[in-house]
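The values are calculated or read from the model by the stated rules, or taken from the named source; none is laboratory data. What you see is a predicted model; the values in this text were computed from it and never measured. Please note: Cβ atoms are built from the backbone with ideal geometry, for glycine as well, and neighbour counts cover all protein chains shown. These area figures cover heavy atoms from the full protein model, side chains too; ligands, DNA and RNA do not enter into them. Shrake-Rupley method; radii C 1.70, N 1.55, O 1.52, S 1.80 Å.
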Amino acid sequence: SVTSPQTLFQSPEEGWQLYTSAQAPDGKCICTAVIPAQSTCARDGRSRELRQLMEKVQNVSQSMEVLELRTYRDLQYVRSMETLMRSLDARLRAADGSLSAKSFQELKDRMTELLPLSSVLEQYKADTRTIVRLREEVRNLSGSLAAIQEEMGAYGYEDLQQRVMALEARLHACAQKLGCGKLTGVSNPITIRAMGSRFGSWMTDTMAPSADSRVWYMDGYYKGRRVLEFRTLGDFIKGQNFIQHLLPQPWAGTGHVVYNGSLFYNKYQSNVVVKYHFRSRSVLVQRSLPGAGYNNTFPYSWGGFSDMDFMVDESGLWAVYTTNQNAGNIVVSRLDPHTLEVMRSWDTGYPKRSAGEAFMICGVLYVTNSHLAGAKVYFAYFTNTSSYEYTDVPFHNQYSHISMLDYNPRERALYTWNNGHQVLYNVTLFHVISTAGDP
């Protein structure tokens, strides 16, 4: 997540964050709490005790192996002495009180050979005591494990982990629904880095889990093929720890988006949408967007082959473009992210060449009236009601030339490329919260 001046509280130990996100109709502040990345199991007391018990079991196992080896060795020695002891016993019984000097010396030599047996027997006694102690420790370990199993219930660790992941997914979905609302404010800009040429795009995966903070960077607005993937936002800021992807087809414009592990972009000099999968480094699917203008036919006001703009919000993947049939007005289409087929389209009636940039939040298309200083969010189109309204939401265009503006629903922030600077804006949404009886 991105720390901004609007963060109200952040605990360095736990990673919890609380930040403003909306204003209720009665003027009260509505805040959003973001839980830390999924690492609670590692800090859980039961997990720590299980790990300690496993170490004890391993130590007991190693001790038992040592005892087994030593007992086997000593047993072999005792067996080898058994024949000698029987021979001595027979000779002592046959001597009947009379022994020659020679026989006495032979018996003495044989007895000398038996002397180490006493130390072996002492070791046996010590090993017996050790075995009793280990048996008691195993009994205690079994009791502890049974108590933990009873406390944790009938679920194993993997089952519990799956349940935690499922609950986290439900919590994420719930948070996204609660997060939906009407845009009422854009924060001051947060400059992340100054890197690259005047035009370009940068983004994170809108569908990645919270622990995945990779950043993708694409410099330039046409004929480019090189995509840099940074491991974290911190690495992006420092310009380190990145890998390079070389796209099979060059891109046009800056309206790319990363969604669920794939890059969606406009193929240069065409109205083809390309879905490039980062992990397999291959194109999964590509499809023409019917009637869509390209090659600076219907760009935003700044040009730059920005005819086709791809976006992701809480409800999925979108394409913003225009056609001759729509007389150059902005068309919003919902795309199937697997097939790239158009599921539904809306004609907004807003001339695309008059728009600075645009972005989607909660199924609403927001359009700025300029890419230069003094710009504001001027127009909103609501796909759920097929209606529009004019708005007046200013935002500070610090570097005077925005060539990419995109909303990330995971972080509820606007990503922008502003005259060679990578900049973030937080957004404030107006929430209408239903009561229990409302639909």
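Quick notes on this one:
- Mean-position separation - Cα centroids, the range 358-401 and the range 236-258, in angstrom: 26
- Surface composition of the range 366-410: carbon and sulfur make up 49 percent of the accessible area, probe 1.4 Å.
- Extension gain, Ser282 back to Glu113 (0.36 nm per residue minus Cα-Cα distance, nm): 53.0 nm
- Computed FRET value (nearest 0.05) for Ser103 with Ser63, which takes r as the C-beta separation and R₀ as 41 Å: 0.30
- Between Arg139 and Arg344, full extension at 0.36 nm per residue minus the direct alpha carbon distance yields a gain of 67.2 nm.
- Per residue, the Cα convex hull of the range 179-430 amounts to 106 Å³.
- At an R0 of 41 angstrom, the distance between the Cβ atoms of Ser386 and Gln240 translates into a FRET efficiency of 0.30.
- Accessible area expressed per residue, the range 179-430, with surrounding protein chains retained (probe 1.4 Å, Å²): 38
- For the set Lys223/Lys352; Lys182/Lys238; Lys182/Lys376; Lys238/Lys267, the pairs lying more than 26 angstrom apart at their alpha carbons are Lys182/Lys238; Lys238/Lys267.
- Contour minus Cα-Cα distance for Ser197 and Ala373 (0.36 nm per residue): 61.5 nm
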